1. Test of understanding: among G46, G15, which residue is closer than 27 Å to D73 by Cβ, surrounded by fewer than 24 Cβ atoms within 10 Å (Cβ to Cβ) and in contact with a helix residue (DSSP H, G or I) (Cβ under 6 Å, 6 or more places away or on another chain)?
2. Tell me which residues, restricted to the range 74-102, are more than 19 Å from C35 (Cα to Cα) and buried (at least 16 other Cβ atoms within 10 Å of the Cβ).
3. Are any residues in the range 142-159 assigned to a loop (DSSP other than H, G, I, E, B) and either on the phi > 0 side of the Ramachandran plot or basic (K, R) (or both), and if so, which ones?
4. Within the range 167-186, identify whether any single residue is at pLDDT 95 or above and on the phi > 0 side of the Ramachandran plot, and answer yes or no.
5. If I59 satisfies every condition in (1) touching a strand residue (DSSP E or B) at 6+ places or on another chain (Cβ under 8 Å); (2) surrounded by 16 or more Cβ atoms within 10 Å (Cβ to Cβ) but one, which is the exception?
6. Name the residues in the range 98-122 that are out of contact with any helix residue (DSSP H, G or I) (no Cβ under 8 Å at 6 or more places or on another chain), over 16 Å from V88 (Cα atoms) and in a loop (DSSP other than H, G, I, E, B), would you?
Amino acid sequence: MDKPLDIVVLISGGGSNLQSIIDQVAAKKLNARICAVISNIADAYGLQRAKDAHIDTIIINHHDYNSRAEFDDQLIQKIEYYNPDLIVLAGFMRILSDEFVNHFHAKMINIHPSLLPKYRGLHTHKRALESGDKEHGLSIHYVSTELDGGPLILQKSIAVLADDTEETLAKRVLVEEHSAYPKVIQWFAEKRIQLIDNQVILDN
């Protein structure tokens, strides 16, 4: 088997997508090694998930820094210590500076709970319901300097049911996220993904 893909995961909250990655690695269905989990929130439950799996955890509280640039500089230093092949944003609720994004060009991916370019930003499930959408879902994309605007790697859609609420819709999208994110990370491990002229090329 090829060398495992070294990844660093950035979180801000519960870390359910992180857990799905941990589980897939443990089951040997994902050829990756989580070098570290970094959170900007000290009590994010995802940190406990990482500790339970004996993964390095780092807290970089954005409130401890006078500017976005200072926070991003510290984040860059911590990530570079591990020299990952891929940086995985899993519920990381910070807008990153252009300098940060460009520093890690083509090495950073994000998962977003909508069918981009629809509903960038927050409250995606609420907005989909208010718009009367028949379809909703998730997008996995490269991180670019445009919020939720990087090149798309994978999208999964689900039907919006007549009796859906924000909570039920969010729960069903999350189920799809938990299978889709490890799948895409495995594509990176298999070196099947290239970003050429801002276009995603996926080898069969």
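1. On the way: G46 fails: surrounded by fewer than 24 Cβ atoms within 10 Å (Cβ to Cβ).
Selected residue: G15, the only one of G46, G15 that is closer than 27 Å to D73 by Cβ, surrounded by fewer than 24 Cβ atoms within 10 Å (Cβ to Cβ) and in contact with a helix residue (DSSP H, G or I) (Cβ under 6 Å, 6 or more places away or on another chain).
2. Correct list: R94, L96, S97, F100, V101.
3. Step one: list which residues in the range 142-159 are assigned to a loop (DSSP other than H, G, I, E, B), which gives 143-151.
Within the range 142-159, just D148 meets the criteria.
4. From the range 167-186, those at pLDDT 95 or above are 167-186; that's our starting set.
If we keep only those that are on the phi > 0 side of the Ramachandran plot too, we end up with none.
The answer is no, given that none of the residues of the range 167-186 is at pLDDT 95 or above and on the phi > 0 side of the Ramachandran plot.
5. Condition (2) is where I59 drops out.
6. Residues of the range 98-122 out of contact with any helix residue (DSSP H, G or I) (no Cβ under 8 Å at 6 or more places or on another chain): 98, 101-102, 105-107, 110, 115-117, 120-122.
This time we only want the ones that are over 16 Å from V88 (Cα atoms), so: 98, 115-117, 120-122.
Hits for the range 98-122 are L115, L116, P117, R120, G121, L122.
The values are calculated or read from the model by the stated rules, or taken from the named source; none is laboratory data. In this text, all values refer to a predicted model and were calculated from it rather than measured experimentally. Methodologically, a virtual Cβ is constructed for each residue, glycine included, from the backbone with ideal geometry; neighbour enumeration extends over all protein chains shown.
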